[in-house]
1. Which FRET efficiency, nearest 0.05, do R57 and H85 yield, Cβ-Cβ r, R0 41 Å?
2. Starting with the fewest neighbours, write out L23, L83 ranked by other beta-carbon atoms found within 10 Å of each beta-carbon.
3. If packing is taken as the average number of other Cβ atoms within 10 Å across a peptide's residues, how do 40-46, 71-77, 7-13 rank, most packed first?
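Values in this text are rule-based calculations from the coordinates and carry no lab data. Predicted model, so just to flag it, every value in this text is computed and none were measured. When we count neighbours, we look across all protein chains shown, and the Cβ atoms used for this are built from the backbone with ideal geometry, even at glycine.
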Amino acid sequence: MREIRVDLRVYSLNAVKKTLYKLADRASFEISSEEREARIIIRPTSGAGDANGIEDRFWSEILDQDLRESVAKETEPLRNLILAHALSRTAILRPDLEAHNLDAAVAAANQQP
């Protein structure tokens, strides 16, 4: 059993939880949080190695999760723009362009002056 303390001003609680989920095959965890700190107790599963190795992996993984959150936040406007553009070209907004109506829509468009 080993205890880790994480400063929640540096890493989000969400990043902590994602990290623990990624390590769930190696240990069970007990987590509690206060205003500025998360306290994690590591209980390695049998055959998973020692708590020191799991703690080392924890610190590598939490940095990865934190960076993923930063990238997701920074790229959200661009991802939303790409998604909106992709959906704007579908028949969701123009049911008359559904495949079964496509011939009729093309014929009607060709008849307009």
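1. Details: r = 39 Å, r/R0 = 0.96.
So, using R0 = 41 Å, E works out to roughly 0.55.
2. L83, L23
3. Top to bottom by mean Cβ count within 10 Å: 40-46, 7-13, 71-77.
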